[in-house]
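The values are calculated or read from the model by the stated rules, or taken from the named source; none is laboratory data. Please read all numbers here as calculations on a predicted model, not as lab measurements. Cβ placement follows ideal geometry from the backbone for every residue including glycine, while neighbour counts extend to all protein chains displayed. Ligands, DNA and RNA are excluded from the accessible area calculation, which covers all protein heavy atoms including side chains. Shrake-Rupley method; radii C 1.70, N 1.55, O 1.52, S 1.80 Å.
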Amino acid sequence: MPYTKAYTESRFDPVKIANDYLNGDSKKIKQVQYILQALGYSFDKIDGICGPKTTKYIGELQKELGLNVDYKFGPHTIEKALALIKENW
């Protein structure tokens with residue numbers, strides 16, 4: 001079966017991608033949320049759940065940092081995010 005653009009887009013779920021990358025680990029997710037909050041992204045509560053809001057913020061941060069928006073809060077995103085926090089501290 002050939003993969004059409006519509007097929008691949010329907011399979012693209014940023015929340016699942018972010019959760020899979022973080023292994024659904026609530027401690028890791030809380031750390032990500034604290035980093036995002038330190039950069040001005042607003043959370044009602046740091047809850048360790050990587051839902052739509054956390055995922056949206058990861059993508060927005062990656063875009064702001066000039067990174068590929070892949071919704072994976074990996075080494076490049078962490079490095080640049082922490083440098084930005086340090087720069088603005």
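Rolling a 1.4 angstrom probe over the chain with all protein chains present gives an accessible area of which 54% lies on carbon and sulfur atoms.
Label point of residue 41 set 7 angstrom out along Cα-Cβ; within the range 62-89, amide nitrogens under 17 Å from it belong to 62-86.
Averaging 1/r across all pairs of distinct Cα atoms in the chain and inverting the result yields a Kirkwood radius of 13.6 Å. Each residue, residue 76 and residue 28, gets one label point 7 Å from its Cα in the Cβ direction; the gap between the two is 1.8 nm.
Can you give me the orientation-averaged projected area of the convex hull built on the Cα atoms of the range 41-89, in nm²?
Approximately 3.7 nm², given one-decimal rounding.
Mind checking the full-extension length gain between residue 88 and residue 21? Use 0.36 nm per residue of separation minus the Cα-Cα distance, one decimal, nm.
Details: separation 67, 0.36 × 67 = 24.12 nm, distance 2.75 nm.
Between residue 88 and residue 21, full extension yields 21.4 nm more.
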